[in-house]
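The values are calculated or read from the model by the stated rules, or taken from the named source; none is laboratory data. Because the structure is predicted, anything quoted here is derived from the model rather than measured. Cβ: placed from backbone, ideal geometry, glycine included. Neighbour counts: every protein chain shown. Surface areas here come from the heavy atoms of the whole protein model, side chains and all, with no ligands, DNA or RNA. Shrake-Rupley method; radii C 1.70, N 1.55, O 1.52, S 1.80 Å.
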Amino acid sequence: MPENRTRPAYRIIGKAAPRPDAWAKVFGDTAYAHDYTVPGMLCAKVLRSRHPAARVLSIDTGDAEKLPGVDAVLTAKDVPNNETATRFGQTHQVGGFEGLYRVLAEKKIRFKGEAVALVAATSEAVAEEALGLIHVEYEPLEGVFDPVEAKQAGAYQVGEDESNVICSYKVRKGDVEEGFKLADVVVEQTYRVPMVDHAYLEPESGVAWLDQDGVITIRSATQVIEHFRGIADVLGVSHNRVRIIAPMLGGGFGGKEDITVETYLALLVWKTRKPVSLTYTREESIRSHGKRHPYVMRYKTGATKAGKLVALEAELTSDAGGYVYLSPWVLLYSTVGATGPYDIPHVKVDSETVLTNNTFSSANRGFGAPQVCFACESQLDELAKQLGLSPLEIRRKNYLRTGDALATGRVLEHSVETEQTADRALEALGEPSGPSSPTERIGRGIASSMTSYGRMTFLHDTSRALVSIEMDGSVSVRCGLQDVGGGQASSLAQIAAEVLGVPMEDVTVYVGDSALTPLAGTTTATRLLYMSGNATKKAATAVRHSLVKKAADLLDVDPEELAMGDRQIYSAGDPDRAVALERVVKACAADGIPLYDVAQFNAPARELIDFQTGQGQVFPDFTFGTQAMEVSVDIETGAVKVLKIVSCYDVGQAINTLSAEGQLHGGALYGLGYGMMEEVVLDKGNTLTPSFAEYLIPSAVDVPDVKTIMIESGGGVGPFGAKGLGEPSCVPAAAAFANAVSDAIGARVCDLPVTPERILKALGRF
Amino acid sequence: MMTKRRVTLTVNGEHVEPLVEANALLVNVLREELQLTGTKYCCGTGQCGGCTVLVNGEPILSCLTLAVAVDGADILTIEGVAKPDGSLDPIQEAFLDHGAVQCGFCTPGMILMAKDLLAHDPSPSEERIREHLRGNLCRCTGYHRIVKAIGSCGQ
Ligand code: FES
Ligand code: FES
């Protein structure tokens, strides 16, 4: 249960509400992307490059086309606009941020697993056989697989004529050289973090068909139905000829933010005029879809004897892999977040994202934040150690507080409760555990983070929702959101129910159809509750006003005195003076008063930051939190057991405590997996971990219970003062884990994941 | 073309005789022939537990099991867990009450594993529950609430 500030009494907001969508899920009735069939549906398969770097000399599809049961074989020459960019329906054009990629490979192959050809056939077996009959002649090229190498002059060029360096940013505050002169202690280290996979249980999947009006309709597992525009551009048809429907997702975590199967399906439907389905195998998903960026991060941080941070210098290099996708955006998040939740007078950050012939990287939960959090929080602990301070002490002396400015000049005007989250998280670890064998060492670690929610303010983000009340007093919400499984739709039902005084079961939420639900933007960037929650609240409030006004007439009281609840409108001072909601609705209808409202919520819009200094505003607001862990490390084997995990966040206002705590539980483990075990291992662009046998994520026996503490400051910019939790909840865990291990063994592992081998190496055992 | 064979199954109490290819996997027969899509395909290689069903009361991974190999068996999938009148099984109810369901993709496998565990051990410890779920991955919940939900069903 969250700690409550004094706040208005809500009927539904802030309660533990079982989610309506969970019902169908426990019965096995939810129709996910892969569970949907259309009569006469063909099965699609993708031919993928066997080389990470090569030139495509020729492709012969003749034999495949002749195979009985094959309806279409497509290559780059069949794609009207093959070079494209991910734009995510943003309202504001921001040139350099366009995530360029190719739909199907041509000229140079840029990563192993890049799509070369598409097949649609009457069965999966025939489609598979057809793939084997496509003859591609490659000229293998040397490639480049290390981002630091790739940015050197003379390095192998990944693309045709563009530089390997996609973009770079700077943050400049004060004078970092002068700053280091003020330092009594300086620590410097290079940190490396690996490529990781989203590992959602539902692989990328979709079905598409041509409806009777000739509109290409795609029902797919996506976090972004507004990709309909990009797909229409690839096909060269107008935007209103492509429709995307997002069913319930089996997890997204950023991996279904970029287009997955949608364009392939659209091309095949367009060609065959028949329905087509495509589901990736797990291997295909791991080998060829976007990943979290590996980073190399050189950090140097200085502090005074008293523990005050005076200077921080960071150089970040991220590996974008074969195509740009969202790399420039992810890098900007890392650049702004490089200094952590700390007030540092002198800062110099330089960052670059670089093309290589590795699997491409793009959005992954945390979007550039977990990488720099690990580096920054490791530095804080190293400084603390050298200064003889505890990890909590050094952090307390340096946390940013409300009214302070980030290194980018942005002033934190909303609530900043980082210190409280750290105090509480550490306290909740309780009494230290004792080692259970002579070779075991116990250690504790904390890490704090400041993670944005809401998209970058220069994108001028918007969301819309339509709230209507039916003749019987039941409520419908229509919102073009994508429910990734975090309770996104359910949170809107709660908001509408709260505002309109009905129980949650009276609200139905229709989501995720680019043709029928008001467009609401992406389910990414931890923006959903903030943006669509505010839009829903705004629309519901407008409907409420009409109803209350009519009720005031009926009851002959001042509208100001009226409250809504229990399907009634009543006088707050004299609850017996009440009228049934249904009656008010009918009275409004009789008078022609609209019983719906479509509201648009606009995030604060800012101009682009200054790219020479990094000064300006990038995000609407931040969520602050701390994770604390206790581990035991066997110094003979390097094996680690996580004994305790605490996750403490200022959630602003929990809308549904079950969902909010659920995010904290799941987020902590997502981040712990990053710290402890996850790594997509590549050898010259070839993935060596293409299944869950090699790519390990935490299982039920790898982890203890996660203790959650929610602080409700009410200081968020979301509805009812809510902050976003989806991404923030996973960010500090890897750093907290690494800090705990370091505390246990008295040595530091500077690369993730912190594996037994690396621990033994840090201990000098080999 | 491969020759097809008729297999006899009792699925969720109903007698069915699908015609299947010799190499057809049970997961595909359930999902495609019998339209029981509650059983999930997630990895196809036996590493996630998402495709778990109970065959003669024992959990098996339907993505690794040939349909012909379970000829004559009694199979329980997630669609058959609720009581015949449609009301919730206590495990389903516990999953709802404890907020153990997020995206829900692991849920069918988890619920069937829970049924199996509770059939053998009516009041399992948390440790036993975690051990039992070892092969069932969940990326959303951190397992916390799933473990609590199953624990609450103990007597
Ligand atoms: S789908 Fe069968 S174990 Fe993963
Ligand atoms: S609830 Fe999403 S995988 Fe378990």
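May I ask you to say which residue of A:VAL354, A:VAL296, A:VAL336, A:VAL330 is surrounded by fewer than 24 Cβ atoms within 10 Å (Cβ to Cβ), away from ligand 1 (no atom under 16 Å from the Cβ), among the β-branched types (Val, Ile, Thr) and more than 14 Å from chain B (Cβ to nearest Cβ)?
Values: A:VAL354 fails: surrounded by fewer than 24 Cβ atoms within 10 Å (Cβ to Cβ); A:VAL336 fails: surrounded by fewer than 24 Cβ atoms within 10 Å (Cβ to Cβ); A:VAL330 fails: surrounded by fewer than 24 Cβ atoms within 10 Å (Cβ to Cβ).
After applying the criteria, what remains is A:VAL296.
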task: Mind listing whichever residues of segment B:40-63 are in contact with a Leu (Cβ under 7 Å, 6 or more places away or on another chain) and either more than 7 Å from ligand 1 (Cβ to nearest atom) or assigned by TED's automatic domain parsing to the domain that holds B:THR107 (or both)?
output: B:THR52, B:VAL53, B:LEU54, B:PRO59
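Among the residues of segment A:605-612, is there at least one that is within 30 Å of A:GLU313 (Cβ to Cβ) and either within 14 Å of another protein chain (Cβ to nearest Cβ) or surrounded by 21 or more Cβ atoms within 10 Å (Cβ to Cβ) (or both)?
Narrowing segment A:605-612 to residues within 30 Å of A:GLU313 (Cβ to Cβ): A:606-612.
Imposing the further condition that a residue be either within 14 Å of another protein chain (Cβ to nearest Cβ) or surrounded by 21 or more Cβ atoms within 10 Å (Cβ to Cβ) (or both) reduces the set to A:609.
Yes, segment A:605-612 contains at least one residue that is within 30 Å of A:GLU313 (Cβ to Cβ) and either within 14 Å of another protein chain (Cβ to nearest Cβ) or surrounded by 21 or more Cβ atoms within 10 Å (Cβ to Cβ) (or both).
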query: Which is at negative phi and either more than 25 Å from the chain's Cα centre (by Cα) or buried (at least 24 other Cβ atoms within 10 Å of the Cβ) (or both), of A:GLY254, A:GLY250?
result: A:GLY250
- prompt: Quick check: anything in segment A:681-698 more than 9 Å from every other protein chain (Cβ to nearest Cβ), closer than 17 Å to A:ASN739 by Cβ and modelled with pLDDT of 95 or more?
  reply: no
- prompt: Within the bounds of segment B:50-65, is there any residue that is within 9 Å of chain A (Cβ to nearest Cβ) and either touching a residue at least 40 places away in the same chain (Cβ under 8 Å) or open to solvent by 10 Å² or more (accessible area, probe 1.4 Å) (or both)?
  reply: yes
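Here is a check on your reading of the model: is A:LEU249 among the aliphatic types (A, V, I, L, M) and more than 16 Å from ligand 2 (Cβ to nearest atom)?
Values: among the aliphatic types (A, V, I, L, M): yes; more than 16 Å from ligand 2 (Cβ to nearest atom): no.
When the stated conditions are applied, A:LEU249 does not pass them.
Restricting the search to segment A:445-477, which residues are part of a loop (DSSP other than H, G, I, E, B) and over 28 Å from A:ARG583 (Cα atoms)? Show your work before the answer.
Within segment A:445-477, the first condition is being part of a loop (DSSP other than H, G, I, E, B), and the residues that meet it are A:454-456, A:460-461, A:470-474.
The answer is A:GLY454, A:ARG455, A:MET456, A:HIS460, A:ASP461.
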query: For segment A:212-247, what are the residues that are open to solvent by 30 Å² or more (accessible area, probe 1.4 Å) and of a type in the set (Asp, Glu)?
result: A:ASP213, A:ASP233
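Starting from residues that are more than 8 Å from every other protein chain (Cβ to nearest Cβ) and surrounded by fewer than 20 Cβ atoms within 10 Å (Cβ to Cβ), keep the ones in segment B:33-49 and report whichever is nearest to ligand 2 (Cβ to nearest atom).
B:GLY46
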- request: Could you grab me the full set of residues in segment A:413-444 that are in contact with a Pro (Cβ under 6 Å, 6 or more places away or on another chain) and assigned to a helix (DSSP H, G or I)?
  value: A:THR418
message: Given the options A:GLU393, A:GLU417, A:GLU377, A:GLU382, name the one that is touching a residue at least 12 places away in the same chain (Cβ under 8 Å) and under 20 Å from A:SER318 (Cβ atoms).
response: A:GLU377
query: Does at least one position in segment A:44-57 carry a residue that is within 14 Å of chain B (Cβ to nearest Cβ), within 18 Å of A:GLU124 (Cβ to Cβ) and touching an Asp or Glu at 6+ places or on another chain (Cβ under 7 Å)?
result: no
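Return the residues of segment A:661-689 that are closer than 26 Å to A:ILE109 by Cα, in a loop (DSSP other than H, G, I, E, B) and open to solvent by 20 Å² or more (accessible area, probe 1.4 Å); say none if nothing qualifies. Steps first, answer last, please.
At the first step, the residues of segment A:661-689 found to be closer than 26 Å to A:ILE109 by Cα are A:679-689.
Applying the additional criterion that residues be in a loop (DSSP other than H, G, I, E, B) yields A:679-681, A:684-685, A:688-689.
Passing the criteria: A:GLU679, A:VAL681, A:LYS684, A:LEU688.
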task: Test each condition in (1) within 15 Å of ligand 1 (Cβ to nearest atom); (2) crowded, with 23+ Cβ neighbours inside 10 Å for B:GLY135 and report the one that comes out false.
output: (2)
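Could you say which residue among A:ASP472, A:ASP423 is over 30 Å from A:VAL171 (Cβ atoms) and at pLDDT 95 or above?
Working: A:ASP423 fails: over 30 Å from A:VAL171 (Cβ atoms).
Only one candidate qualifies: A:ASP472.
Which residue, of B:ALA69, B:ALA73, is at pLDDT 95 or above, more than 13 Å from chain A (Cβ to nearest Cβ) and open to solvent by less than 20 Å² (accessible area, probe 1.4 Å)?
On the way: B:ALA69 fails: open to solvent by less than 20 Å² (accessible area, probe 1.4 Å).
After applying the criteria, what remains is B:ALA73.
Here is a yes/no grid of residues against (1) within 14 Å of chain B (Cβ to nearest Cβ); (2) under 30 Å from A:ARG110 (Cα atoms); (3) touching a strand residue (DSSP E or B) at 6+ places or on another chain (Cβ under 9 Å):
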residue	(1), (2), (3)
A:GLN152	no, yes, no
A:SER163	no, yes, yes
A:LYS170	no, yes, yes
A:PHE180	no, no, yes
A:SER205	yes, yes, yes
A:ASP211	no, no, yes
A:ILE218	no, yes, yes
message: Looking at B:LEU30 and the list (1) in contact (Cβ under 8 Å) with a residue 12 or more places away in the chain; (2) under 24 Å from A:ASP702 (Cα atoms); (3) within 15 Å of the chain's Cα centre (by Cα), which single condition is not satisfied?
response: (2)
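Just the residues that are among the aromatic types (Phe, Trp, Tyr) and more than 9 Å from every other protein chain (Cβ to nearest Cβ), please, taken from segment A:654-680. Write out each step before concluding.
Step one: list which residues in segment A:654-680 are among the aromatic types (Phe, Trp, Tyr), which gives A:670, A:674.
Hit for segment A:654-680 is A:TYR674, nothing else.
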- request: Tally the residues that are at the interface with chain A (Cβ under 8 Å from one of its Cβ atoms), within 22 Å of B:VAL53 (Cβ to Cβ) and within 14 Å of ligand 2 (Cβ to nearest atom), restricting the search to segment B:123-149.
  value: 11
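May I ask you to say which residue of A:THR526, A:THR508 is part of a strand (DSSP E or B), open to solvent by 20 Å² or more (accessible area, probe 1.4 Å) and touching a helix residue (DSSP H, G or I) at 6+ places or on another chain (Cβ under 9 Å)? If you could, list the steps in order and put the result at the bottom.
Numbers: A:THR526 fails: part of a strand (DSSP E or B).
Only one candidate passes the filter, namely A:THR508.
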- prompt: Between a first residue in segment A:684-701 that is closer than 17 Å to A:TYR670 by Cα and a second residue that is of a type in the set (Gly, Ala, Ser) and open to solvent by less than 50 Å² (accessible area, probe 1.4 Å), which pairs have beta carbons less than 6 Å apart while being 6 or more apart in sequence or on different chains?
  reply: A:ILE697/A:ALA199; A:ILE697/A:GLY673; A:PRO698/A:GLY673
- request: Check A:GLY638 against each of (1) in contact with a helix residue (DSSP H, G or I) (Cβ under 8 Å, 6 or more places away or on another chain); (2) open to solvent by 10 Å² or more (accessible area, probe 1.4 Å) and name the one condition it does not meet.
  value: (2)
